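Read the figures in this text as sums done on the coordinates, not as results from a lab. The model shown is predicted, which means the values in this text are computed figures rather than measured ones. Note that each Cβ is placed from the backbone with ideal geometry, even for glycine, and that neighbours are counted across all protein chains shown.
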Amino acid sequence: PATAAQAGGPSSHGSGSSFHEMWRDLAPLGRDARSGGYRRYAWTAADADCRAWFRTQAEARGLTCEVDRNGNQWAWLGDPLAGDAVVTGSHLDSVPDGGAFDGPLGVVSSFAALDELRRRGAEFVKPLAVTNFGDEEGARFGLACAGSRLAAGQLSRERAHRLRDGDGTSLPQAMAAAGHDPDAIGPDPERLARIGAFVELHVEQGRALDLSGDPVGIASAIWPHGRWRFDFGGEANHAGTTRLADRRDPMLTYAETVLAARREAELAGALATFGKITVEPNGVNAIPSLVRGWLDSRAADQATLDTVVAGIERAARDHAQRAGIDLDVVRESFTPVVEFAHTLRDEIAETLARRPSRDTGRAVPVLSTGAGHDAGILSASVPTAMLFVRNPTGISHSPAEYAAEDDCVAGVIALADVLEGLACR
Ligand code: GLV
Ligand code: MN
Ligand code: MN
Ligand code: MN
C-alpha cells in the first residue's frame with residue numbers, strides 16, 4: 001500500500017522534509033510483511049520500537065523526554081512544571097493490521113510543526129509538549145485510550161490491573177515486562193492541570209474533507225460509543241453425528257445477533273459492528289461450546305445509541321432463549337458524547353482563516369466524527385481541539401489507509417499556525 005513517504009510531494013519544502021524523514025524512519029516499525037498493515041500493540045516489542053523512535057525524535061530536537069506514571073510519553077520544550085502548557089500529539093499504537101496514519105500522523109506532524117515554528121523563529125512564551133499516548137486503540141487489552149483514561153481518572157488502577165490480553169497476560173505483567181512499574185498507574189490530575197490546551201491532529205476517518213475539497217478540517221464532536229461483549233454458551237458435540245434437532249449451537253444465535261445488529265443500526269441511523277469473535281473449542285468438526293463476540297456501536301446521540309444496543313440485546317436474548325443458549329452481555333467500555341471546547345475551537349478556526357496560504361475564501365470545515373480519540377478523553381479535564389487531514393478514500397483501520405503528502409504537509413502548517421497562536425508571542 002502507498003504511504004505518504006512513497007507518494008510524491010513537496011519533500012524539498014522545509015516542513016515536508018522533516019516530515020518525510022520521520023515518516024521514513026517510523027514506517028518499518030511493527031509492519032506485518034504479508035499484509036503491509038501495522039501490529040503495534042501496547043507494551044510489545046513493536047511498541048517499544050515506536051517509543052524509542054519517539055525518544056530519538058525528542059532528543060534530536062533538544063526536548064526533555066519523560067514517561068508519565070501511566071506510560072504516556074512527553075517531549076517538552078520549556079518547563080513542564082510552569083503551567084498553561086500547550087500540548088500536541090496523538091498515539092503510535094495500532095489496531096490489528098492498522099494503517100500508517102491513524103495515530104502516527106498526529107505525532108509526526110507535532111514534531112514537524114515544532115520544526116516549522118523554529119524555522120519561523122517563533123518565540124515561545126508557554127511550555128510546549130509533544131505526546132504519544134499509550135494504548136489508544138485498545139487492540140491488546142480491549143479498552144481504548146487506556147493511557148489517557150488512566151491519566152484523566154476515567155479508568156481505575158484496579159480495573160486496569162484486571163485487564164488481560166487474548167493470551168491471558170495481564171496488563172501489569174505486560175507493563176512490567178516492558179520496564180514500566182504497573183503500581184505507579186492511576187489518575188494524574190496535577191499533570192493535566194498544568195495543560196492550558198491540547199490539540200490532536202488526526203487523519204480523517206471518513207470522506208467529508210474529500211467531498212468538501214479541503215485538506216484540513218476542525219473537529220466539533222465525537223459520537224458516544226462503546227464496546228459490549230456477548231458470550232453465547234451452548235454444548236460442544238460431534239459435527240458428524242449430532243442431529244440438527246439435538247444441537248445447542250451458539251454460532252447460530254451469534255449469527256442471528258449479527259443480523260439483528262445490522263437491522264437495528266439501519267433503523268436508527270447508527271452504527272453497529274461485530275468485528276471480533278472467539279470460538280471454543282474452535283474445531284472444524286465440533287459444534288462450538290462458546291461463541292464470544294464483541295459489539296462496537298456508535299450513534300450521534302446517547303438516546304439513539306441506547307435504543308440500538310437495547311434492541312440488539314433484546315434480539316440476542318430472544319434467539320438465545322428459543323435455542324437453549326446461555327447469554328451474558330457485558331459492557332466493557334463506554335465513552336459519552338464529546339463536544340470540543342467552543343472557545344478553543346473558534347480561536348483555531350479564526351487562526352486558520354487568517355492564514356496567508358488560505359485563499360479559498362471559505363471557512364475551514366468543522367466536522368463531527370464517530371471515531372474515538374485521546375483528545376475526547378482529555379476534553380473532560382483540559383480545553384481540547386482536533387484537526388483532521390483529508391483522507392481521499394475515507395478508509396481507516398486498514399492497511400489501505402492513506403493521505404497525500406501535500407495534505408500531510410498542509411496539516412503540519414495548519415498545526416504550526418495553531419500552536420503559534422496558542423504558545424508564541
Ligand atoms: C479508535 O480508533 C476507535 O475509534 O475505535
Ligand atoms: Mn484508530
Ligand atoms: Mn487514532
Ligand atoms: Mn481512535
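I'd like the distance between the alpha-carbon centres of the stretch 186-222 and the stretch 80-120, rounded to an integer number of Å.
Comparing the Cα centres of the stretch 186-222 and the stretch 80-120, I get a distance of 11 Å.
Per residue, how big is the convex hull around the C-alpha atoms of the stretch 225-335? Give it to me in cubic angstrom, could you?
Spelled out: Cα convex hull of the stretch 225-335, divided by residues, is 86 Å³.
Could you grab the relative contact order for the stretch 225-335? Cα pairs under 8 Å, six or more apart, rounded to a whole percent.
Reported relative contact order: 45 percent.
Report the GluC sites (Glu not before Pro) located in the stretch 248-288 that are in a DSSP loop and have at most 13 other Cβ atoms inside 10 Å of their Cβ, or state none.
none
What nm value, rounded to one decimal, do you get for the distance between ASP183 and ASP328 when each label is placed 7 Å out toward the C-beta?
About 3.0 nm, to one decimal.
Report the net charge of residues surrounding GLY106, where surrounding means a beta-carbon distance below 11 angstrom and charges are Lys +1, Arg +1, Asp -1, Glu -1.
-4
What ranking, highest mean first, results for peptides 277-283, 45-51 when packing means the other Cβ atoms within 10 Å averaged over each residue?
Those peptides, ordered most packed to least, come out 45-51, 277-283.
Compute the distance from the alpha-carbon center of the stretch 14-28 to that of the stretch 251-297, in whole Å.
41
Taking the Cα centre of the chain as the origin, how large is its charge dipole in debye, to the nearest 20, when only Lys and Arg (+1) and Asp and Glu (-1) carry charge on their Cβ atoms?
300
Compute the relative contact order of the chain as a whole-number percentage, counting only Cα pairs closer than 8 Å that sit 6 or more residues apart in sequence.
RCO, the chain: 23 percent.
Mind grabbing the base-10 log of I(q)/I(0) for the chain at q = 0.09, 0.11, 0.15 Å⁻¹? Debye formula, identical points on the C-alpha positions, no solvent, two decimal places.
Values returned for q = 0.09, 0.11, 0.15 Å⁻¹ are -0.58, -0.84, -1.44.
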